[in-house]
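In what follows, a structure is listed as structure tokens, so that the remarks can point back to it.
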Amino acid sequence: MTNGRISGSATPGTLPLSVRIAVPVILGIAFLAAWEFLVRYLAIPKYVLPAPSMIAAALADDFLPLLASLWVTLTVTIAAFAVALVLGVVIAILFAQSRLFEISLFPYAVILQVTPIVSIAPLVLIWVGLDHLERALLILATIVAFFPILSNATLGLKSVDHNLHNLFDLYQATRWQRLRALQFPSALPYLLGGMRISGGLALIGAVVAEFVAGSGTGTGLAWRIVEAGNRLNIPRMFAALLLLSLLGIVIFFSLSALEYLLLRKWHESAVGREN
């Protein structure tokens with residue numbers, strides 16, 4: 001211990017960027033090598049567990065159809081996320097402006113969140129019609145992605161320092177001025193955190209909705225997984241799962257980058273430490 005600090009301790013943020021990238025990459029390569037070796041050494045059939053080389057070959061052979069399915073899943077995910085973002089922010093603003101409105105509707109938002117999507121997917125599909133599967137997927141994915149944005153934005157809008165509220169009262173600020181200059185900047189870190197959660201949930205909602213509500217008309221990656229499983233084409237199933245995982249990673253890091261760019265100059269969660 002020197003000058004009140006514990007020597008020899010390093011936080012993840014102090015590690016060089018090359019180390020933070022190299023360690024997960026090396027670990028991943030070691031895992032894939034062990035997977036490949038065990039599958040070949042134990043002679044595991046490919047319909048039980050394909051080797052990574054088989055998955056890569058299936059991805060290369062079926063790249064164009066899988067890419068088309070990936071695009072379908074991506075469009076549903078982005079649309080659901082956008083709708084959830086708009087609805088969540090608008091309703092959170094209404095909650096922050098009216099306590100009566102909040103206590104009237106928030107319990108129903110919680111009920112909607114905790115209701116399993118698999119239980120309402122067939123009903124939604126019947127309501128929108130079997131010929132409009134994409135609408136059902138959009139509704140179901142939006143339901144899954146909606147609550148984190150609503151709850152985080154509501155918390156952020158209500159977390160403003162009371163002294164700042166008193167200062168705005170002193171200057172006789174209007175509700176719009178208070179919302180624009182005080183509440184929304186205060187809520188932005190909470191909202192961005194909710195968006196990062198919601199982005200992944202939108203993808204999960206789109207996939208689960210297609211699993212449950214999908215039919216022969218489905219064209220997303222979830223339907224490709226079901227189709228490959230029915231045909232015992234397990235390497236193709238793993239290839240589709242790989243694309244889904246990569247899409248989820250891209251969504252997460254894109255929203256994390258957006259959060260950093262918007263907060264890096266002023267918020268404690270993104271500003272670098274001086275000591």
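The values are calculated or read from the model by the stated rules, or taken from the named source; none is laboratory data. The structure presented is a predicted model; accordingly, all values stated were derived computationally and were not measured. Neighbour counts run over all protein chains shown; Cβ positions are idealised from the backbone, glycine included. Surface areas here come from the heavy atoms of the whole protein model, side chains and all, with no ligands, DNA or RNA. Shrake-Rupley method; radii C 1.70, N 1.55, O 1.52, S 1.80 Å.
How many residues, within segment 40-55, are in contact (Cβ under 8 Å) with a residue 40 or more places away in the chain and aliphatic (A, V, I, L, M)?
First, pick out the residues of segment 40-55 that are in contact (Cβ under 8 Å) with a residue 40 or more places away in the chain: 46-50, 54-55.
Subsequent filtering for residues that are aliphatic (A, V, I, L, M) retains 48-49, 54-55.
Residues that pass the stated criteria total 4.
The test for being modelled with pLDDT under 90, closer than 24 Å to L221 by Cβ and open to solvent by less than 80 Å² (accessible area, probe 1.4 Å) holds for S119.
In segment 50-79, of all residues being within 23 Å of V207 (Cα to Cα) and among the hydroxyl-bearing types (S, T, Y), the one that is surrounded by the most Cβ atoms within 10 Å (Cβ to Cβ) corresponds to T77. Filtered by the rule that a residue be open to solvent by less than 50 Å² (accessible area, probe 1.4 Å) and without any contact (Cβ under 8 Å) to a residue 60 or more places away in the chain, segment 80-90 gives a lone residue, A82.
Only one entry in I103, I139 is at pLDDT 80 or above, over 24 Å from the mean Cα position of the chain (by Cα), β-branched (V, I, T) and open to solvent by 30 Å² or more (accessible area, probe 1.4 Å), namely I103.
Of the helices (runs of 4 or more DSSP H) that lie entirely inside segment 175-265, those containing 2 or more residues that are open to solvent by less than 70 Å² (accessible area, probe 1.4 Å) and in contact with a Gly (Cβ under 9 Å, 6 or more places away or on another chain) span 184-213, 221-230, 234-263.
Applying the selection to segment 175-216, what residues are hydroxyl-bearing (S, T, Y) and modelled with pLDDT under 80?
Filtering segment 175-216 down to residues hydroxyl-bearing (S, T, Y) leaves 186, 190, 198, 215.
Residue satisfying the conditions is S215 alone.
Of note, V160 satisfies the criterion of being open to solvent by less than 30 Å² (accessible area, probe 1.4 Å), assigned to a loop (DSSP other than H, G, I, E, B) and not acidic (D, E).
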